[in-house]
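The values are calculated or read from the model by the stated rules, or taken from the named source; none is laboratory data. Quantities reported herein were computed from a predicted structural model and do not represent experimental measurements. Ideal geometry is used to build each Cβ from the backbone, glycine not excepted, and the neighbour counts take in all protein chains shown.
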Amino acid sequence: MTAAVPAGVRDRIAGVDAARGIALLGMMATHVLPLHTATGETLTGAVAAGRASALFALLLGVGIALGTGGHLGLRPPDPPGPPLGRLHLAAAAGLVVRAVLVALLGLALVELRPPVAVILAYYGLLILLAIPLLRLRAGVLAAGAMVAGGVTPVLSVLLREGLPPGPGAQVGLSSLGEPGSALGTLLVTGYYPVLTWSTYLLAGLAVGRLDLRRARTAWWMLGGGAALAVAATVVSAVLLAAGGAETITAGSGADALRVQRYGTVPADTWWWLAAEVPHSGTPLDLAQTTGSALAVLGAALLVAERVPRLVVPLAAIGAVPLTLYALHVASLAILGNTGVVTLLWHVGWCLAIGLVARALRIGGPAEAVVSAASRTARRAVLRSTG
């Protein structure tokens, strides 16, 4: 027995796929193009640094919510059907399998020693974190995102006090011999620490519990997200001008506020929490990047509804993100190279693979394996409890 899911939820939403395509291409750009020059921030750094990966993470939450009932929640639309507890257990089983496979892929990619930080192991933990949240409604999830955005950066500073600065080495398969250290890196001190990145997960789950096929929802995300991003930027600028910048640069150097912090900021002064440096994980960075992610998703949904052909290339890429991301990281690890030519090459084969998969109505190899295993786990739980 399988849970009935309405066609509107089961079918792919082009705007969501298009936004995921934007996130993937934005991450690729930050991996191969310079983010700063001697004179300041590049266009890539100004537009995509910190924002592309935040959009990718927010869309993880959106995808989990859509896969567990969307705006209708974790329940079948028409009785009779499996009770809510059984549906939750089945969904949990599928997500556990998905989390393990995604994390293992990420750990394996790290062993290739790529020149970029691999996000997938962190994704695996975020997927597990979503399991107890599946029954919550959009309003509760949104409130949780706001609380997480304000509280988790403070917890991060407290937990990292006295520890070496920076994210340290990446967690790969070879790190599993020291599970405590690996888990601590993934949760608190790594490049994409789950502690603070839970903000994006909660926000994405909240969005996925809305009716994303309504234009009004998309307009609210576009306007509200843009307003949140601008407000966070302005508040940060005011606080830094009021003394924060002087204190930070006095302790960490004149260029401290230009350096990406890769998940964590120094714990030497609380003024760091007033910054919105890309990947810093401060309250204002989380607010700014969450706002920009919401705005991009809202815009993608609106364009997909009004001019669907315009988003076909991006949606094709965004429909097979796991396969394309893994190929991108592996290619950089094996072939290396950076610059515009490398980016154009990666965009070209991403587009080709995405469009072929779309034409054949199939997923990528990675998506196929993860989906089949997850679906098998869900069905096994439903049969065993039926």
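Couple of notes before you dig in:
- Residue within segment 217-237 that is of a type outside the set (S, T, N, Q), assigned to a loop (DSSP other than H, G, I, E, B) and within 27 Å of GLY26 (Cβ to Cβ) present: no
- Residue in segment 49-62 that is under 15 Å from the mean Cα position of the chain (by Cα) and on the phi > 0 side of the Ramachandran plot present: yes
- Answer residue from segment 37-48, given it is under 19 Å from the mean Cα position of the chain (by Cα) and surrounded by fewer than 20 Cβ atoms within 10 Å (Cβ to Cβ) and is modelled with the lowest pLDDT among those: ALA46
- When ALA250, ALA169, ALA242 are checked against the criterion of being surrounded by fewer than 15 Cβ atoms within 10 Å (Cβ to Cβ), without any contact (Cβ under 8 Å) to a residue 24 or more places away in the chain and closer than 22 Å to HIS36 by Cα, ALA250 stands alone in meeting it.
- Check on ALA373, under 24 Å from the mean Cα position of the chain (by Cα), surrounded by fewer than 18 Cβ atoms within 10 Å (Cβ to Cβ) and modelled with pLDDT of 95 or more: yes
- Yes/no for PRO34 being at pLDDT below 90 and over 17 Å from the mean Cα position of the chain (by Cα): no
- Selected residue (only one of ARG209, ARG137 is among the charged types (D, E, K, R) and either surrounded by fewer than 21 Cβ atoms within 10 Å (Cβ to Cβ) or in contact with an Asp or Glu (Cβ under 9 Å, 6 or more places away or on another chain) (or both)): ARG137
- Selection within segment 174-193 - under 22 Å from the mean Cα position of the chain (by Cα) and either modelled with pLDDT under 90 or of a type in the set (A, V, I, L, M, F, W, C) (or both): ALA182, LEU183, LEU186, LEU187, VAL188
- A Cβ distance below 8 Å, combined with a sequence gap of six or more or placement on separate chains, defines the contacts here; from segment 155-166, residues that are under 10 Å from VAL265 (Cα atoms) and at pLDDT 85 or above reach residues that are surrounded by 13 or more Cβ atoms within 10 Å (Cβ to Cβ) and among the aliphatic types (A, V, I, L, M) in the pairs SER156/VAL188; SER156/LEU195; VAL157/VAL265; VAL157/ALA267; VAL157/LEU273; ARG160/VAL188; ARG160/ALA267.
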